[in-house]
1. Apply the Karplus parameterisation 6.51 cos²θ - 1.76 cosθ + 1.60, with θ equal to phi minus 60°, to every residue of segment 210-221 and state each ³J(HN,Hα) to the nearest whole Hz, in sequence, with x for glycine and proline.
2. Provide, as a two-decimal number, the C-alpha radius of gyration of segment 210-311 over 2.2 N^0.38 Å, N being how many residues it has.
3. Is segment 39-114 best put as rounded, prolate or oblate by its Cα gyration tensor, with a ≥ b ≥ c the root eigenvalues, rounded for a/c under 1.5, and otherwise prolate when a/b is larger than b/c, oblate when not?
4. May I ask you to evaluate 6.51 cos²θ - 1.76 cosθ + 1.60, the Karplus curve with θ = phi - 60°, for each residue of segment 163-170 and list the ³J(HN,Hα) values in order in whole Hz, giving x for glycine and proline?
5. Using +1 at the C-beta of Lys and Arg and -1 at the C-beta of Asp and Glu, which of N315, Y332, N289 has the Cα lying farthest in the positive direction of the dipole of segment 217-362?
6. Measure off, as a whole percent, the carbon and sulfur share of the 1.4 Å-probe accessible area of segment 290-362, all protein chains present.
7. Express the relative contact order of segment 80-200 as a whole percentage, based on alpha carbon pairs under 8 Å and six or more residues apart in sequence.
8. Using modelled amide H (1.01 Å from N, peptide plane; none on Pro or chain starts), what sits under 5 Å from the amide H of H265, excluding residues fewer than 5 places away?
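The values are calculated or read from the model by the stated rules, or taken from the named source; none is laboratory data. Bear in mind the structure is a predicted one, so any value in this text is a computation, not a measurement. A quick note on method: Cβ atoms are made from the backbone with ideal geometry, for glycine too, and the neighbour counts reach across all protein chains shown. Surface areas here come from the heavy atoms of the whole protein model, side chains and all, with no ligands, DNA or RNA. Shrake-Rupley method; radii C 1.70, N 1.55, O 1.52, S 1.80 Å.
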Amino acid sequence: MNIKTAFFITALCLLQTVVYAAVIEVKNSDNLQQKLDSALAGDIVQLAPGEYNGNFAIRQSITLAGQGNVTINALGKGHALTLLTSDIKINNLSIINWGSDLTGQNAGIYVGQKSSNIVIENNRLQGDGFGIWIEKSNQLLITGNHIQGNPQLRSADRGNGIQLSSVSNARVIGNEISFTRDGLYIISSQDSELRDNRIHDLRYGIHYMYSHHNKVLNNLAYHTRAGYALMSSKNLLVSGNYNIDSEDYGMLMNFITSSTISHNHIKNVWTKPENKVKGREGKGLFVYNSAYNTISYNTIDTAEIGIHLTAGSENGKVFGNSFINNPVQVKYVSNREQEWSQNGRGNYWSNYLGWDLDNNGTGDTPFEPNDGIDKLVWQYPEAKVLLDSPAILLLRWIQKQFPVLRPAGVKDSFPLMSPPDNGTKTVH
């Protein structure tokens, strides 16, 4: 077959698709499943305003769209919509009341087998189980959806807003998710992007597990236990995100390697008084067993602990960050000293009291935010009342005169005298 013949056959197939694609109008008095089964690839099944009760499966490569106020009510069981093939588009629907069986993965929209080119946009979902569940698929676009769980259930008894398992090349853009367990839960997935989502009143806003080469960009998380929980993943780009009013963590990194965490803004991470127990404090950034990462140009403002590193979290680059109004700026548990500056550029510390006599924008003396006195306070929190006492000031002076007495910790040789512009905007 020559090139001209191949081109002619391809063009003919495309023309046939255009000619034979149909718009199928459906009323709520019709049998919707029957209409879906009779549709051909490329058809648009358009639902008239009203409520459509039941659990529906889509077996053809079609568009299912609402016209006006359209509700699909799953009547409290199973999946509302199950997608069983590729090249499906779902838009402008209100989907409610699907099942609550988390073991059965009950979801408003469910894709449980290999598929590609799935588009889910501008829908409203409200129910007990998972909002959108997709696995073993690629080339996904999930955008402009509003997903709400059931606030009357315990967080652990709710499904996640959007769950992606073993997917690739997914784009999750501009969705709002609230009152589910986790907002966006991504596991074993690659080459995907989560961008411009608004996620609130959850356990974790964005939760990554065993996922590599992904981007988390310009999302807003608030009223969570942890805004961003990044676990057992590598080669992540996490940039331009906001987290406000979390209780335990602004951002949690557990076994994260070779990743860039930059230009994020974390504010007000504070454990509620009624939930206070020993060892539970709000941590702006918690880094556990994570190495070879770049953490730069982030702002951590008003957290009980600005940044807490432990369990081998070393060999990283930390510079250009702003640590503002955190009672404990750094909590660091290690036997090795870490230098937190790069090419003469350190971090801004709101409690740095040094001078800049040469007016070059960096302090004339290094800043060591977790010396032996700090470690004493971690062990005995009641000692905080003595931090400004003459005895404590004398102990700090002795440490400087006799470095052998100083425990290993963080050293910023070029502390910044003012916060750098990290490129983030004020949000409301």
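1. Coupling constants for segment 210-221: 6, 10, 10, 6, 10, 10, 10, 10, 6, 8, 10, 10 Hz.
2. 1.00
3. Note, shape of segment 39-114 comes out oblate.
4. 3J(HN,Hα) across segment 163-170, in whole Hz: 10, 10, 10, 6, 10, 9, 6, 9.
5. The residue sitting most towards the positive pole is N289.
6. Values: 1510 of 3180 Å².
Looking at segment 290-362 in its full context, I get 47 percent from C and S.
7. Working: 372 pairs, mean separation 25.6, N = 121.
Contact order relative to length: 21 percent.
8. Here the answer is N241, Y242, N243, T299, since their amide H atoms fall under 5 Å of that of H265.
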